[in-house]
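The numbers here are math on the coordinates, done by the rules we state, and not lab data. Everything numeric here is computed off the predicted structure, so don't read it as measured data. Cβ coordinates were reconstructed from backbone atoms using ideal geometry, including for glycine residues, and neighbour counts include every protein chain displayed.
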Amino acid sequence: MEVPCAIVKSKSRLGAIVHKKTSVLCLTSVKNKDKLEFSKVLDAGNANFNDKFDEHRKKWGGGIMVSKSLAKTKAKERVLAKEAAQRMS
């Protein structure tokens, strides 16, 4: 949908635009005299948030386990190997 999105530092900055307490703001129209400045804000929002979505997405783990988890995993593998050996005999 290419909806520009931006995260601002505080609710008061958003509230300064509409002169009310607010946490979300949706702009439906812009005056002609403000379109140039608004396009700069859109470009900055797209560059900092929309275009970097995949970079900011949470990445889990990487397959690195601590020693306690490694020991449990190895113990389970040994038990499974022992059971497989008993089935073969």
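What to note about this one:
- Converting phi to 3J(HN,Hα) with the Karplus coefficients 6.51, -1.76 and 1.60 and the offset θ = phi - 60°, segment 16-30 yields 5, 6, 9, 6, 8, 6, 8, 10, 9, 9, 10, 9, 9, 8, 10 Hz in sequence order, with x at every glycine or proline.
- Likely footprinting exposure, M88, M65, fewest C-beta neighbours within 10 Å first: M88, M65
- Under 5 Å between amide hydrogens, built in the peptide plane, is the criterion, and for T22 it picks out G15 among residues at least 5 positions away or on other chains.
- Annotation: the chain has a Kirkwood hydrodynamic radius of 18.5 angstrom, from the mean reciprocal C-alpha pair distance.
- Inter-label distance for I17 and K82, nm, one decimal - labels placed 7 Å from Cα along Cα-to-Cβ: 6.5 nm
- Residues with amide H under 5 Å from that of A6, placed H, sequence gap 5 or more: none
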